[in-house]
Each structure stands twice: as structure tokens, then as C-alpha cells.
1. Residues in the range 161-182: is at least one more than 13 Å from ligand 1 (Cβ to nearest atom), without any contact (Cβ under 8 Å) to a residue 12 or more places away in the chain, more than 29 Å from ASP500 (Cα to Cα) and in contact with a strand residue (DSSP E or B) (Cβ under 9 Å, 6 or more places away or on another chain)?
2. May I ask you to list the residues in the range 140-161 that are assigned to a loop (DSSP other than H, G, I, E, B) and within 28 Å of PHE270 (Cα to Cα)?
3. Can you tell me which residue in the range 126-145 is farthest from ligand 1 (Cβ to nearest atom), limited to those that are farther than 17 Å from VAL44 by Cβ and in contact with a strand residue (DSSP E or B) (Cβ under 8 Å, 6 or more places away or on another chain)?
4. Might you let me know whether the range 369-379 holds any residue that is modelled with pLDDT of 95 or more, surrounded by 15 or more Cβ atoms within 10 Å (Cβ to Cβ) and outside any helix (DSSP H, G or I)?
5. For the range 391-415, enumerate the residues that are in a helix (DSSP H, G or I) and surrounded by 12 or more Cβ atoms within 10 Å (Cβ to Cβ).
6. With respect to the numbered conditions (1) more than 16 Å from ligand 2 (Cβ to nearest atom); (2) hydrophobic (A, V, I, L, M, F, W, C); (3) within 23 Å of ASN305 (Cα to Cα), which one is the sole condition not fulfilled by LEU206?
7. Just checking, which of ILE287, ILE229 is more than 16 Å from ligand 1 (Cβ to nearest atom), more than 30 Å from ALA390 (Cβ to Cβ) and of a type in the set (A, V, I, L, M)?
Amino acid sequence: MSVVDLALPWRNTFTAELPADPVEENGLRQVEGAAFSRVKPTPVRSPQLVAHSPEVAELLGLSPTQMTEPAMVEALAGNRVLPGMDPHAMNYGGHQFGHWAGQLGDGRAIALGELMTTSGISQTLQLKGAGSTPYSRRADGRAVLRSSIREYLCSEAMHALGVPTTRALSLVETGEQVIRDMFYDGHPEPEPGAIVCRVAPSFIRLGNFELPASRGELEVLQRLADYTIRHHFGHLQSAESPNRDTYVEFFDQVCQTTASLMVEWMRVGFVHGVMNTDNLSVHGITIDYGPYGWLEDFDPGWTPNTTDAHMKRYQYGNQPGIGQWNLVRFANALYPLIDDAVPLQEALDRYVEVFTTGHRESWGRKLGLGYVSVDDDGLIQELADVLQAAETDMTIFCRRLAQVDLDTLPDSAIPSELLDAYYRTDELSPEPVARVTAWLRRYAARVADARPQHRRDLMNSANPKYVLRNYIAQVVIDAATEGDYSVLEEVHDVLRRPYDEQPDRQRWAEKRPEWARSRPGCSMLSCSS
Ligand code: AMP
Ligand code: MG
């Protein structure tokens, strides 16, 4: 009998209030008229808790002893269902790469239940990689260690950057191998398997609404909308008995939070990589870390996702537009509840406004401009061009810009503080140098009246020094694969304070080394995870 108390305040509003799949066995099927299927995680051979986030544990009211208690580790591996949990896979559809894909659902994610937190807000815990579900299609329901490490670290890094995101509670190695063809090139290999426990207010996606709408299941659609509003948008008027106006307000809120999320991704240089409608949350939080990446050299056309290499649909510069495209699909799904396109269109127009204003303000902070107006758009746009004049590291350039002495700008040279941002100094011929220096002069004139320290402080709060560079994730993965998790702990710790200088951690702020330019996992990733 365990001495550590694992009686936790679980509630299960999602499974209690929404229609369930009547079939409880775990075969592949089309699940109609239901929002979820009850399904048990498949046990793994020898689970080991290799990392956990104390911050997320605290958020959930889980003590350090509870976290490492063997029964808890078993629960986080899917080997044990704790009393009060109600494991289930959610049913949703989605537009993948611009095309309606029909039913998708949680093929390898199993929600355990909702845990009441000390703040009075419940959080859903979900295991990713815990075995097959009725939605696993042709795949195994498992996840590999490399992608689990990427999800675990990036969730926590994004949170520390101030970007809305799902969180990661734990990382468990399963002790089992998973077969993956990493680049879909006919070379499947066994890899270590792992399970991340992710945490979010809910895992409801745009695609949860699209599926019942596509099938004409209006009752499921309405119950899902009412449920979501009641539990997660309770601040909306008439949330208790939603009507047409409430659905419009709900849609409008999702538009606005998604616009704000796009502002944040653009600010920190995050490229999601698979912005399908099933990978967008109604909470406006980042969800589903797959082949994501971080901009190194500033290239709006860059995508880390090799699966999207030809279309580049989800490249960095397209993200705000794709966000809106996805919201149009969401509008179509909610339309039967509203029956009027005008307010939906108005909300979509507001998406553009919220993004445009937010993006301007965000780059205003990045440049330390203080108050910004449309008059600053030229300066901001020109910076995007200047960053492409030669291969320039966005993160280093923006961070170092705060250190440049704008009173003594060199005439025809890059200020020394910025040189580190350039990948190839041999590219710095007179033409790009002239463009950079001309921009710097324009910038210096714009901020001439700002107090230098005030400007620097503002910039340092918007330009992280440390982000989860693609190669850094790979360095962590390489060490973990050898059984060394100290690198993961160190990187996690650096990323807790991404805006602090942390001078003794400088090595994690370096630009991508040459070896990483074309190494798989560093600049090229596939959906195979
Ligand atoms: P993603 O693009 O990773 O968000 O996944 C798209 C769909 O494929 C979702 O329905 C996933 O649940 C499903 N899926 C992805 N990987 C697996 C896997 N290894 N096993 C089962 N289903 C998967
Ligand atoms: Mg997904």
C-alpha cells in the first residue's frame, strides 16, 4: 500500500456532458454521433520517468513526492488508470494541407481526465503516444523519443517566452522500440519510444467542430459548442444558455486569440509546420508540436517540414494568413448554429485588424519604439528586407540591436555588436552592408528621442536571447539517446529565463553551427514522429 496519497480531484465534464461513442472496444472505425470514445492506454514494458516539469506539477497541485511515486509514473506511462480518471480519445476532423480529410481524431493521444487546480481552473491531462485508439488509422498510436523530447521542451520554452501553449508535465521512456521511417524514404528503423503527458485547459480543436458539421450532426455540434462555451468561455454573456449571439461571440474570441497567437509566433520566430485545422486549438494556444522549427536565418519562406517542402504552405511568412484560412473553415462549421454570414465575416475582418495592430506593436517592442503607428510600418517592413540582404540570424540580430550605440554608427560597416548575427561574413559585400547601415540610420533617427535604457529594456523583454534552436533540440536528443538527460535539464533550465542574459550559458545562444545546416532533425523534419 502506497504511503503517498494519489487521490486527486479529477472531474470529467467532457465525458460526462458530451455524447460518447457507444462502442468501448478499441477497433478502427468511423465514430458517428459522438464527441469521443472511451479507450484505455496500452501498457508499456518498462516505463521510466526521465523528466518532468516542476512548474507544471505545481500548477496541478502535484507535490514532488507525488510526481515520482511509482503509481504516478505508471499512470504517466499509461500502465495504470488512477481512480477518478476517465481515459478517452477525442473525435475530430480537419483540413490537412488545404483539403478536407474527414475523421481524424486522437490517434495516439489519450486524455486521462480533468484535474482541478488550486486556482480553480481545471486542466486536462493527455498522454501522447500511449497506444492505439479507434482513430489510429494505419498507425501504431506510439511516439518516438526524439519527437517527445521536442514536444516536452518546446512547450515549456514557449510558455517561458510568454507564448500561449499547451504545457508538458512529464516525459516517460517506455522501454519499447517504435519503428519509424523518418523521411518516408523506405528506411524504417527501430527507435526508442516515449510518452509525454501534456496539459491544457482542453484539447478542443477547430476540427472538433468541423467533423459533426460536415456530417450534418447538428445536435453534436451544438452540444459541443455549448459545452465549450459553458466551461471555457464562461465570461461570454449568456454562457449558461448560449444563443446565436453567444456563438458569434465565441467565434469572435477564437479569431482574436488566434490572431494574438500568430503575433507571438512571428515575434519569436516560431514555425509550427503543420497548421492543419485539427492542429489549432479553440483556446488560441499552440498545440501539437510536430515538425516545428525556429527561424535561424530570417527567411519568411522557410518551413522545417519536409512533408510540405514543395508547397511550403506552412512557411513562416504564411502563418497569419493560414490562421485566417483555418478560421474560415471554423466559421463554416459554426454557421448552422448562427445562420448568418455577416457577423462571422465581421469577426474574420477583426482577425486581420487584431493581427495587424498586434504585429505592429510587437515589432514596435522588438525595436524599442514605444508608441507605434502606421507610420512605422515602413521601418518595420524594411527591416524584414534588410534581414534578408544577407543570411542573418533573426534572434541574434534583434537581441544585439539593443546594444548598438546609435550615436556612433559606422558609415559603411556593420556595427560590431551585430556581426555575430551573420552566417557568412563573406556575403557582406558593399551592397548588403549599405542596406543594413541605411536602415540603421533610419532607425536611429526614429528612436532619437527615446531614453536609451528604456529602449533597451523594452527590446530585451521582446527579443529573447535563448530559443529552442533546431540544433539545440537535436543536441539534447543525441545525449538522451545515450541515456544522458543532464543536457535536457540544462537546456530546460536556460529556457526558463529566455530574456535574461545568463552570461555563463552563452553557448546556448550561439547561432546554428555549420554541421547543423543540413543534418536531419536540425533543419529538416517530417511528420514521422
Ligand atoms: P498530426 O499531423 O501529427 O497532428 O496527426 C494527424 C492525425 O494522425 C491525427 O489524427 C493523429 O492522431 C494521427 N496520428 C499521427 N501519428 C500517429 C500515430 N503514430 N499513431 C496513430 N495516429 C497517429
Ligand atoms: Mg495533430
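The values are calculated or read from the model by the stated rules, or taken from the named source; none is laboratory data. The model shown is predicted, which means the values in this text are computed figures rather than measured ones. Here the Cβ positions follow ideal geometry from the backbone for every residue, glycine too, while neighbour counts run over all protein chains shown.
1. no
2. Matches in the range 140-161: GLY141, ARG142.
3. PRO134
4. Taking every residue of the range 369-379 in turn, at least one turns out to be modelled with pLDDT of 95 or more, surrounded by 15 or more Cβ atoms within 10 Å (Cβ to Cβ) and outside any helix (DSSP H, G or I).
5. MET394, THR395, ILE396, PHE397, CYS398, ARG399, ARG400, LEU401, LEU406
6. It fails just one condition, (1).
7. The match here is ILE229.
Matching residues to (1) surrounded by 14 or more Cβ atoms within 10 Å (Cβ to Cβ); (2) touching a His at 6+ places or on another chain (Cβ under 6 Å); (3) not in a strand (DSSP E or B):
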position	(1), (2), (3)
ALA16	no, no, yes
GLU24	no, no, yes
ARG45	no, no, yes
MET72	yes, no, yes
ALA75	yes, no, yes
ARG80	yes, no, yes
ASP86	yes, no, yes
HIS95	yes, no, no
ILE110	yes, no, no
